[in-house]
Structure formats: C-alpha cells, structure tokens
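Participant: Got a structure here, written out as structure tokens. Questions coming.
The values are calculated or read from the model by the stated rules, or taken from the named source; none is laboratory data. Keep in mind the model is a prediction, meaning the values are calculated, not measured. So basically every Cβ, Gly included, is an ideal-geometry build from the backbone, and we count neighbours across all protein chains shown.
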Amino acid sequence: MKVAGFSFVRNAVKYDYPIVEAIQSILPICDAFYIAIGDSEDETEELIKQIESDKLHIINTVWNDSLREGGQVLAVETNKAFDAIPNEYDWCFYIQGDEVVHEDDLASVKAGMQEHLNNPQVEGLLFNYRHFYGSYDYIGDSRRWYRKEVRVIRNNKEIRSYRDAQGFRKNNQKLKVKPISAYMNHYGWVKPPEKQMEKQRNFHKMWHDDDSVKKMVGSSNEFDYSGIDSLTKFNGSHPNVMQKRINRLNWKFNFDISKKNMSVKDHILYLFEKVSGIRVGEYKNYKIV
C-alpha cells in the first residue's frame, strides 16, 4: 500500500497558517507529499522548504483570483495538488493548511486504509472534527461547525474537490466512505486577533466583492472572538507538532462556556443534539457505506 499526502497553500506566513505542522503531522504515514504553493506575497515557499524530507514535492501555481463564486479557487488549487500524484499511490491523504492530526490517531488512519484497500466500494475515509476557537483551550460545539469530513480518498482522478474544497465528489456524486475513529484538529480560528482579521478580509474575497467584504468584516484591526455562539472546554492533548506554536500564544481569550448566544430555536436544537447525538438537518457531503 502506498500513500501520498497533498495540500495547497498561499501566503502562509502572512496569515499565520500552521501548514508546516499540518504536513509534519501526517508525513509519517505518507510515502510522498505533494503541496501546491500559490503565488505568495511572503516567504511561503521558503517556509515549506524548511521541512527536511525527501518525501516533499512542490508544485508552483498561480491562483485565479477571479474565481470568487463559492470559493471555487480553493477547489481548483486542491485539484492541482491531487492531479500531481502519480498513479502508483493507492490512497491520497488530504490536509488543509490549518488542520493537524494527532500522532495518536495515525495508526487508526493507516488501519482504515489497509482494511479497505481492496474494497473498491469504499472511495474515502471519514474523519471526526474538532474546531478550536479563540485559543487552544476551547472548541466550537454548536451547529455552525461541521462534525465530519472526508480527508482520505482513492487515487482516482474522477474524484474532484467540491465547491470550496471542504470535501470531494466523484462525477458530482457523493463519495462512498467509511468512518474512522481519527480526529482532524482544525486550528483556523486560533490566530492572533490581528492575523485573524487579515485572514478574514482575504478569505471573504474568495466569495464576495470588495464592497461586500468591507461591510461584512468591518474596519477594525483586530478580530473580536467574543461574539461566538457556544464553546466548550478542551481537556485533551494537542499534537506534538503543535507544541511550539501553542507555547508562542501571546494573547488572552477566556469564555464563559455556560453562555449561549443563540436563538430559541437553535438552543432547542443544540440541546436535542447534546442529548441524542443527532443533528437535525445536518449537511453531509458523503455517503456512509
């Protein structure tokens, strides 16, 4: 069994993406890693090259910034990295620039790949998600956060990154997948407030025109984390590769986890989910088989 990791990135230094940690977190179970580096305004390529591994393959790309509708450019860049993976690889492990896998979960990922290697009905593996917010001590637990997504796929180029690159589809059909016990740790909402604001302005440009972005994001130089609807305390351990970044945390964020900034309807649905484990109306871009 051969496994290739893949991802894309642009302006990782400017927007403080943990892309190095993302790559390092899955590199131990990958035979190769393909990274599409977009035309950046900073030292992103130099940052990636600091990863000392002969598994790393860099594809230099130019982003089409006119593809604003639905974040389409993110899927295009994902596909560039995926398409660079040679046919000799069986599975392709996708990770985004703000996602990191705990070393304790790698065995589960590899076991899932091995178990379903010879079953063509299984087109991907489904991960659980933790969405960290504000600091490394809190995770989002409301309905706004997706609970699962596909991050391992067959090396079949009929599979394409879907919409804004959150997931994948094959011939525009949902992938048939098997769940695994591994978690993907999403750190996209843990940045210094000024970096988070820069990221938000840049990110929304992939969906909206400049005037709309100004109205949505505002003029402040720092992102206000306090407006979130619901958080819970994280009591687990972070991946080893994240420890240096965590130790550099230089801002304070505290949140009263008993506080719920929700409508009555959302609060009822939230409580129902906590009791039953069922999310009413949950969007699932995959089919569990």
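Participant: Restricting to region 125-177, what's the tally of residues that are surrounded by fewer than 20 Cβ atoms within 10 Å (Cβ to Cβ), more than 23 Å from residue 196 (Cα to Cα) and more than 17 Å from the chain's Cα centre (by Cα)?
Facilitator: The total comes to 10.
Participant: Within region 91-127, which residues are assigned to a strand (DSSP E or B) and either farther than 18 Å from residue 33 by Cβ or of a type in the set (D, E, K, R) (or both)?
Facilitator: Passing the criteria: 99, 124, 126.
Participant: Go through 130, 169 for me and flag whichever is assigned to a strand (DSSP E or B), within 19 Å of residue 241 (Cα to Cα) and out of contact with any Asp or Glu (no Cβ under 7 Å at 6 or more places or on another chain). Show your work before the answer.
Facilitator: Numbers: 169 fails: within 19 Å of residue 241 (Cα to Cα).
Result: 130 is the single residue among 130, 169 that is assigned to a strand (DSSP E or B), within 19 Å of residue 241 (Cα to Cα) and out of contact with any Asp or Glu (no Cβ under 7 Å at 6 or more places or on another chain).
Participant: Any idea how many residues of region 56-83 are among the basic types (Lys, Arg) and farther than 21 Å from residue 5 by Cα? Outline the logic, then answer.
Facilitator: Going residue by residue through region 56-83, those that are among the basic types (Lys, Arg) are 68, 80.
With the extra rule that they be farther than 21 Å from residue 5 by Cα, the set shrinks to 68.
Going through region 56-83 one residue at a time, the tally reaches 1.
Participant: So residue 27 passes all but one of these: (1) of a type outside the set (Lys, Arg); (2) over 18 Å from residue 242 (Cα atoms); (3) surrounded by fewer than 21 Cβ atoms within 10 Å (Cβ to Cβ). Which condition number does it fail?
Facilitator: The one condition residue 27 does not meet is (2).
Participant: Looking at the structure I just gave you, is residue 191 surrounded by 16 or more Cβ atoms within 10 Å (Cβ to Cβ) and more than 30 Å from residue 13 (Cβ to Cβ)?
Facilitator: No; evaluated as a whole, the condition is false for this residue.
Participant: So residue 284 ticks every box in (1) touching a residue at least 60 places away in the same chain (Cβ under 8 Å); (2) among the charged types (D, E, K, R); (3) exposed (fewer than 12 other Cβ atoms within 10 Å of the Cβ) but one. Which box is left unticked?
Facilitator: (3)
Participant: Moving on to the next point. Mind counting the residues in region 34-51 that are assigned to a strand (DSSP E or B) and surrounded by fewer than 19 Cβ atoms within 10 Å (Cβ to Cβ)?
Facilitator: Counting residues in region 34-51 that are assigned to a strand (DSSP E or B) and surrounded by fewer than 19 Cβ atoms within 10 Å (Cβ to Cβ) gives 0.
Participant: Does residue 184 satisfy the criteria of being under 21 Å from residue 285 (Cβ atoms), hydrophobic (A, V, I, L, M, F, W, C), at pLDDT 95 or above and assigned to a helix (DSSP H, G or I)?
Facilitator: When the stated conditions are applied, residue 184 does not pass them.
Participant: Which of the residues that make up region 52-90 are part of a loop (DSSP other than H, G, I, E, B) and either under 16 Å from the mean Cα position of the chain (by Cα) or more than 22 Å from residue 158 (Cβ to Cβ) (or both)?
Facilitator: 52, 53, 54, 55, 62, 63, 64, 65, 66, 68 - these are the residues of region 52-90 that are part of a loop (DSSP other than H, G, I, E, B) and either under 16 Å from the mean Cα position of the chain (by Cα) or more than 22 Å from residue 158 (Cβ to Cβ) (or both).
Participant: Just a yes or no: is a residue in region 137-148 in a strand (DSSP E or B) and among the hydroxyl-bearing types (Ser, Thr, Tyr)? Give the derivation first.
Facilitator: Step one: filter region 137-148 for residues in a strand (DSSP E or B), giving 138-140, 148.
Okay, now just the ones that are also among the hydroxyl-bearing types (Ser, Thr, Tyr), so 138.
Yes: region 137-148 contains one or more residues that are in a strand (DSSP E or B) and among the hydroxyl-bearing types (Ser, Thr, Tyr).
Participant: Within region 214-252, restricting attention to residues that are over 22 Å from the mean Cα position of the chain (by Cα) and of a type in the set (A, V, I, L, M, F, W, C), which residue is modelled with the highest pLDDT?
Facilitator: Taking the candidates together, the pick is 251.
Participant: Something else: Taking the condition of being in contact with a His (Cβ under 7 Å, 6 or more places away or on another chain) and free of Cβ contacts under 8 Å to residues at least 24 places away in the same chain, how many residues in region 99-149 meet it?
Facilitator: Result for region 99-149: 1.
Participant: Quickly run through region 240-281 and pick out the residues that are of a type in the set (S, T, N, Q) and surrounded by fewer than 12 Cβ atoms within 10 Å (Cβ to Cβ).
Facilitator: Here is the first cut: in region 240-281, the residues of a type in the set (S, T, N, Q) are 240, 243, 247, 250, 254, 258, 261, 263, 276.
Hits for region 240-281 are 247, 250, 254, 258, 263, 276.
Participant: Six or more apart or on different chains, Cβ under 9 Å: which pairs go from a residue in region 166-178 that's closer than 22 Å to residue 188 by Cβ to one that's assigned to a loop (DSSP other than H, G, I, E, B) and of a type in the set (A, V, I, L, M)? Could you list them?
Facilitator: 167/175; 168/175
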